[in-house]
Amino acid sequence: MIHLELKHPDFGFTASDQQGNSMEMDIPVSQGGHDKGLRPMQTLLAALGGCSGVDVVNILLKQHQGIDTFHISVDGEREGNVEPSLWKSIQIHYELLGSIEPSKALRAVELSMQKYCSVAETLRRAGAEIVWTIRVNGKLVH
C-alpha cells in the first residue's frame, strides 16, 4: 500500500510505503506548485528506470558479470494538446561500467524490456513507444 499526505500548502505530497520509504511529489511553480518534488508523470519514468534496472542487475549477476557502476537516464515525450496527456515516446539510456560482456548487457536489457519489466509493459499498453541505448565501458552496444 502507498499512502500520500499533503505536505505543502498547495500541491506537494509525500508518498510513503508501509516500511517508511518516502518520495516527495509536487508540480511546477508555473502550475501553482512549489517544485519541491518529482512530478507525478516523472515518477512513471523513474519507476520504469527502477524496474528495468533491477531486472538488468539481477540478470547480469546471475551471469557472473561484474558491475562497477550503472546509470540509467529516462526521458520522454507526452501527447500534445490533450487531457490526459500520456507518454507517447520514451527513451532509456543504460550506461554500465565493469567486467561485463556487451552481448550479455544487451540480452539483459532486452529481457527486461520485452519480458520482465511490468512498468514497461504497462506503459506500452497505454500506447508509449519505448526505445533504448546501451553503453558498456563507454562503447555503444545498442
Task: Computed label-point distance, nm, for sites residue 61 and residue 133 using a 7 Å Cα→Cβ extension - done: 2.9 nm
Open item on the list: In whole percent, and with a 1.4 Å probe on the protein chains, what portion of the accessible area of the chain is carbon and sulfur?
Closed with: 53 percent
TODO: Report the label-to-label distance for residue 30 and residue 77 in nanometres (one decimal), using points 7 Å from each Cα along the Cα→Cβ vector.
DONE: 1.8 nm
Open item on the list: Show me, for the stretch 56-70, the HN-Hα J-couplings you get by feeding each phi into the Karplus relation (A = 6.51, B = -1.76, C = 1.60, θ = phi - 60°), rounded to Hz, glycine and proline as x.
Closed with: 4, 4, 4, 5, 5, 5, 5, 8, 6, 8, x, 8, 8, 9, 8
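Restricting to Cα atoms and excluding each atom paired with itself, what does the Kirkwood estimate give for the chain in Å?
Hydrodynamic radius (Kirkwood, Cα pairs) of the chain is 16.6 Å.
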Task: Separation in nanometres of the label points that stand 7 Å from Cα toward Cβ, at residue 10 and residue 125 - done: 3.5 nm
Task: Mean accessible surface per residue for the chain, computed with a 1.4 Å probe while every protein chain stays in place, in Å² - done: 61 Å²
- [ ] Among 100, 30, 8, flag the residue with its Cα farthest along the positive direction of the charge dipole of the chain, charges on Cβ as +1 for Lys/Arg and -1 for Asp/Glu.
- [x] 100
Open item on the list: Explain nothing, just compute: Karplus ³J(HN,Hα) = 6.51 cos²θ - 1.76 cosθ + 1.60, θ = phi - 60°, for every residue of the stretch 21-34 in order, whole Hz, x for Gly and Pro.
Closed with: 5, 9, 8, 8, 10, 7, 10, x, 4, 4, 10, x, x, 10
Open item on the list: Explain nothing, just the number: relative contact order of the chain, from Cα pairs under 8 Å at least 6 residues apart, as a whole percent.
Closed with: 18 percent
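Full extension from residue 106 to residue 86: what is 0.36 nm times the residue separation minus their Cα-Cα distance, to one decimal in nm? The partial results should precede the final answer.
Numbers: separation 20, 0.36 × 20 = 7.20 nm, distance 2.78 nm.
The span from residue 106 to residue 86 would gain 4.4 nm if fully extended.
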Task: Vicinal HN-Hα couplings computed from phi for the stretch 100-108 (Karplus, 6.51 cos²θ - 1.76 cosθ + 1.60; Hz; Gly/Pro x) - done: 10, 6, x, 5, 6, 5, 4, 5, 4
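The values are calculated or read from the model by the stated rules, or taken from the named source; none is laboratory data. Owing to the predicted nature of the structure, the values given are computational and were not obtained by experimental measurement. Note: ideal-geometry Cβ built from the backbone for every residue, glycine included; neighbour counts use all protein chains shown. Note: areas computed on protein heavy atoms with side chains; ligands, DNA, RNA excluded. Shrake-Rupley method; radii C 1.70, N 1.55, O 1.52, S 1.80 Å.
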